[in-house]
Structures are given as structure tokens and as C-alpha cells.
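**Q** Starting off with a structure, shown below.
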Amino acid sequence: MTFVSGGVAAAQAPAAPPAKGETPAVQAPFEPTVGQAGKDVVWVPTPEAVVEKMLDMAAVTADDYVMDLGSGDGRNIIAAAKRGATAVGVEYNPEMVALSKKSAEAAGVAGKASFVQGDMYEADISRATVLALFLLPHNLDKLVPKFLALPPGTRIVGNTFSPAGWAADESETISGDCTSWCTSLLWIVPARVEGKWGLPEGELDLGQEFQIVSGTITSGNGKGEVKGKLRGDVITLYGGNLEYTGRVNGNTIEGTVKTTAGVTSPWRATRAQ
């Protein structure tokens with residue numbers, strides 16, 4: 001069972017032409033059905049309250065470029081467009097694409113919300129500042145390389161499910177009228193810091209699992225363990241009695257180190273070549 005924010009529905013086969021002398025049947029407008037099968041998913045819509053919570057957690061504004069992979073009936077994209085964002089949905093089922101376009105026109109946001117027919121795994125997401133998704137872990141896992149290639153600070157919001165091994169930076173469950181699929185999750189794409197970094201008087205050797213960081217620091221005081229996390233390009237590390245905070249800018253990290261007594265001083269690390 002697989003879900004998406006708007007869902008992906010199976011395309012219906014075209015009706016057979018009427019026999020000679022028969023009156024052509026009037027085809028009913030397309031209506032998506034919850035649970036209908038599609039290429040990679042079945043369609044289950046995200047509750048409207050969760051859509052709004054996801055966009056709130058991503059702090060979507062008119063400056064954002066929001067994308068939804070498997071956009072189904074277009075609700076995430078239309079909601080983002082109502083906030084002024086440029087929003088694009090990628091949906092495999094052409095009938096869902098047509099429905100989404102009509103809904104965007106009815107909502108008065110056709111100029112901001114657009115929908116393209118295509119495979120969500122093949123979509124170019126490089127322009128996205130926000131991804132708003134409702135996918136199962138195996139769908140998300142397949143997309144992880146694309147997620148990690150996005151610039152640090154890109155926000156990904158999802159409903160209920162996470163990629164394997166990824167802890168959300170923030171999580172909130174909607175109560176009240178929402179009874180199913182009610183948890184909004186936020187991940188901030190982290191800078192990549194795994195590897196060795198040179199310090200003025202030592203070395204920092206880091207491992208990384210998405211936003212979680214751990215490793216060792218070697219200095220004039222010997223070798224000790226460090227651990228911490230990233231939020232976009234901001235890193236916080238704890239080692240011994242020291243707290244290191246800094247901003248990652250490509251091959252450098254610059255920030256401050258603070259002692260338990262509150263004394264701060266600058267620190268800088270350079271990625272080893």
C-alpha cells in the first residue's frame with residue numbers, strides 16, 4: 001500500500017467506439033477514488049489540515065518553489081500556490097493532471113500552480129526549495145539520492161512516513177477531526193560534512209547519517225569524541241566540555257566554540273583535500 005500527497009491513480013482505458021447506429025455514450029467526468037491503483041502508488045489524499053500543517057512547518061512563502069512528486073488531485077500544490085509560492089506537481093496519471101489543472105483554475109491560482117505528467121522518480125527537482133510529499137518509505141528511499149543532492153537548507157515535508165534511518169527535524173500530529181494519516185514531518189536537507197577537516201592545531205574526523213554527526217577531534221589536548229547535528233548548513237557539535245557551532249560553506253566551517261563557563265572564541269575547519 002503506497003500513498004502520495006494527492007496520490008497517483010491508474011489511468012482508465014479509453015471507451016470502445018459505439019457500434020453503427022448506436023448513440024454515443026456520455027462519459028462521466030473523471031472522479032478519483034480513494035485506494036485506486038496507479039503506477040507506483042495507490043491514491044490516498046492527505047487531509048486538508050495536514051496539508052496546511054506541512055506547509056506551515058516548511059514556512060512556505062511567495063519566495064518558494066514548491067514541488068510535489070505524485071501530486072494526485074493537486075491539493076498540496078494548490079495550497080502552496082494560495083500562499084503565493086510557485087508550485088509544480090508531477091503526476092503520472094494524465095486524468096489526475098487534468099483534474100488538478102481544473103481545480104487550480106477554480107481556486108484562482110492557475111498562474112502559480114502547474115502540473116506536468118511524468119514519472120516522479122525521473123522528475124528534475126533541482127529548483128525546489130520545498131518538497132511536499134505523501135509517500136511510503138520504499139518510495140522515499142528510492143528518492144534519497146535526489147534529496148541529498150538538493151542545496152543545504154531545502155525543506156522536505158511529508159505525511160506520516162520517513163526514509164529509512166531519517167529522524168525528522170520536527171514532527172507534529174494533528175488532532176481533532178483528523179483520524180488517519182495525521183502526522184506532519186519536516187526534514188532540513190543538511191550540508192555534507194563527512195570526512196576529515198583540518199583545524200589550526202589538530203583534526204576533525206566526522207561521520208554523518210543525514211543530519212546526525214559524530215566523530216573525533218584531535219588537538220593539543222589529545223583525542224576525544226564529538227557528536228551533534230546539522231540543520232541545513234548550521235552545525236552544532238559537542239565534545240568534552242565544549243560546544244562548537246558554525247556554518248558550513250563548501251569546504252570550510254566557521255563559527256564559535258563555547259566553554260561550560262560561557263567563554264566563547266572563534267573556530268575554523270577546512271576540509272582535507
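The values are calculated or read from the model by the stated rules, or taken from the named source; none is laboratory data. Note that the structure is predicted; figures quoted are calculated from it, not measured. Glycine gets a Cβ as well: all are built from the backbone with ideal geometry, and neighbour counts include every protein chain shown.
**Q** If I filter segment 106-122 down to residues being of a type in the set (A, V, I, L, M, F, W, C) and free of Cβ contacts under 8 Å to residues at least 12 places away in the same chain, which single residue comes out as nearest to Asp64 (Cα to Cα)?
**A** Going through the qualifying residues, I end up with Ala110.
**Q** Looking only at residues in segment 225-265 that are out of contact with any strand residue (DSSP E or B) (no Cβ under 7 Å at 6 or more places or on another chain) and closer than 26 Å to Ile156 by Cβ, which one is surrounded by the fewest Cβ atoms within 10 Å (Cβ to Cβ)?
**A** Gly250
**Q** So which of Asp169, Asp177, Asp141 ends up being closer than 19 Å to Val213 by Cβ and either over 13 Å from the mean Cα position of the chain (by Cα) or not aliphatic (A, V, I, L, M) (or both)? Let's see the steps before the verdict.
**A** Details: Asp177 fails: closer than 19 Å to Val213 by Cβ; Asp141 fails: closer than 19 Å to Val213 by Cβ.
Step by step, each of Asp169, Asp177, Asp141 is checked, and only Asp169 is closer than 19 Å to Val213 by Cβ and either over 13 Å from the mean Cα position of the chain (by Cα) or not aliphatic (A, V, I, L, M) (or both).
**Q** Can you name every residue in segment 84-113 that is surrounded by fewer than 17 Cβ atoms within 10 Å (Cβ to Cβ) and on the phi < 0 side of the Ramachandran plot?
**A** Pro94, Ala98, Lys101, Lys102, Glu105, Ala106, Ala107, Ala110, Gly111
**Q** In addition: Just checking, which of Ala79, Ala110 is within 18 Å of Val50 (Cβ to Cβ) and assigned by TED's automatic domain parsing to the domain that holds Glu122?
**A** Ala79
**Q** Which of the residues that make up segment 125-183 are surrounded by fewer than 19 Cβ atoms within 10 Å (Cβ to Cβ), outside any loop (DSSP other than H, G, I, E, B) and charged (D, E, K, R)?
**A** Those that are surrounded by fewer than 19 Cβ atoms within 10 Å (Cβ to Cβ), outside any loop (DSSP other than H, G, I, E, B) and charged (D, E, K, R): Asp141, Lys142, Lys146, Glu170, Glu172.
**Q** Name the residue, out of Ser114, Ser103, that is of a type in the set (S, T, N, Q) and not in a helix (DSSP H, G or I).
**A** Every option except Ser114 fails the conditions.
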